[in-house]
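The values are calculated or read from the model by the stated rules, or taken from the named source; none is laboratory data. Owing to the predicted nature of the structure, the values given are computational and were not obtained by experimental measurement. Reconstructed Cβ throughout: ideal geometry from the backbone, glycine too, with neighbour counts over all protein chains shown. Quick note on the areas: whole protein, heavy atoms, side chains included, nothing else; ligands and nucleic acids left out. Shrake-Rupley method; radii C 1.70, N 1.55, O 1.52, S 1.80 Å.
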Amino acid sequence: MSSKQIVLGPYLLSPSATGITVAWEMRQAESLSVSFEAGGERRQVRAVREKEPARKEQPEGEYLYTAILDHLAPDTTYSYAIQCGGETLATSAFRTQKEHPEHLHLVTLSDSHLFYNGERFGRMVEHVQPDFILHSGDISFGTGFQHDQYADNWFHKIPEVLASIPAWYIPGNHDDGPFDEALLLSPQAKTTNSPDGGFTYSFDVGR
């Protein structure tokens, strides 16, 4: 088994008709990239690595990797792979949004710290295939200083869904801390109109 393991993700952020962000977390500092393909054309984007805050379980901290895929074709399915040299660490696929959609199809939820029906939620999302998920806060049931609650209450509940269906995140009162910011708010702020690093932001969909 490879020593290079993704411990959280991959998950998709900041969807649009022509771009998306792929994010994941690892304990190692590696040189990683995301390759993606549609219609026989393959491209590769180098991932940006950022050190997360230290915590009791990981006093050295972990690393969040993000790759912003842009100049994509609207309403197109792309397969992607996270790679380290010649080794593939994870694969999935996503579909870009329509450029001028007549309708917007989304799934909304909040308070997934009370997420006892994660399996049913995952099946529903896979069935309806929304344009994106809108999470309006409270992944943690303690504070945003408890990293394990983001993994246990959300990312590890529906990993296949989050690797293929993008989401937008709004912080709740329980998310007030460094890990909501590191995992979600700061990465999505890179591609949105955000005056404060992701705590508030705006984006356009269709008309």
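Summary of computed values
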read-out	value
Verdict on PHE199 being of a type outside the set (Lys, Arg), surrounded by 15 or more Cβ atoms within 10 Å (Cβ to Cβ) and not in a helix (DSSP H, G or I)	yes
Tabulated pairs, the range 181-207, first under 18 Å from SER136 (Cβ atoms), second among the aromatic types (Phe, Trp, Tyr) and in a helix (DSSP H, G or I), C-beta under 9 angstrom, 6+ apart or interchain	LEU183/TYR150; LEU183/PHE155; LEU184/TYR150
Test set (1) modelled with pLDDT of 95 or more; (2) closer than 26 Å to THR192 by Cα - PRO101 fails condition number	(1)
Residue that is most open to solvent (accessible area, probe 1.4 Å), among those in the range 129-149 that are within 15 Å of the chain's Cα centre (by Cα) and hydrophobic (A, V, I, L, M, F, W, C)	LEU134
Of all residues in the range 13-24 being touching a helix residue (DSSP H, G or I) at 6+ places or on another chain (Cβ under 7 Å) and not small (Gly, Ala, Ser), the one that is surrounded by the most Cβ atoms within 10 Å (Cβ to Cβ)	LEU13
Residue match in the range 25-40 (condition: open to solvent by 10 Å² or more (accessible area, probe 1.4 Å), farther than 30 Å from SER202 by Cα, of a type in the set (A, V, I, L, M) and more than 14 Å from the chain's Cα centre (by Cα))	yes
Residue within the range 78-94 that is closer than 18 Å to LEU12 by Cα, of a type in the set (S, T, N, Q) and touching a Pro at 6+ places or on another chain (Cβ under 7 Å) present	yes
Any hit, the range 53-62, residues being closer than 24 Å to ILE170 by Cα and either open to solvent by 90 Å² or more (accessible area, probe 1.4 Å) or of a type in the set (Lys, Arg) (or both)	yes
Among the residues listed as ALA167, ALA151, the single one being under 20 Å from ARG49 (Cβ atoms), touching a strand residue (DSSP E or B) at 6+ places or on another chain (Cβ under 9 Å) and either of a type in the set (D, E, K, R) or touching a residue at least 60 places away in the same chain (Cβ under 8 Å) (or both)	ALA151
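Let's see how each residue does on (1) out of contact with any Lys or Arg (no Cβ under 8 Å at 6 or more places or on another chain); (2) part of a loop (DSSP other than H, G, I, E, B); (3) closer than 18 Å to LEU13 by Cβ; (4) of a type in the set (Asp, Glu):
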{"site": "GLU102", "(1), (2), (3), (4)": "yes, yes, no, yes"}
{"site": "GLY142", "(1), (2), (3), (4)": "yes, yes, no, no"}
{"site": "GLN149", "(1), (2), (3), (4)": "yes, no, no, no"}
{"site": "VAL161", "(1), (2), (3), (4)": "yes, no, yes, no"}
{"site": "PRO171", "(1), (2), (3), (4)": "yes, yes, yes, no"}
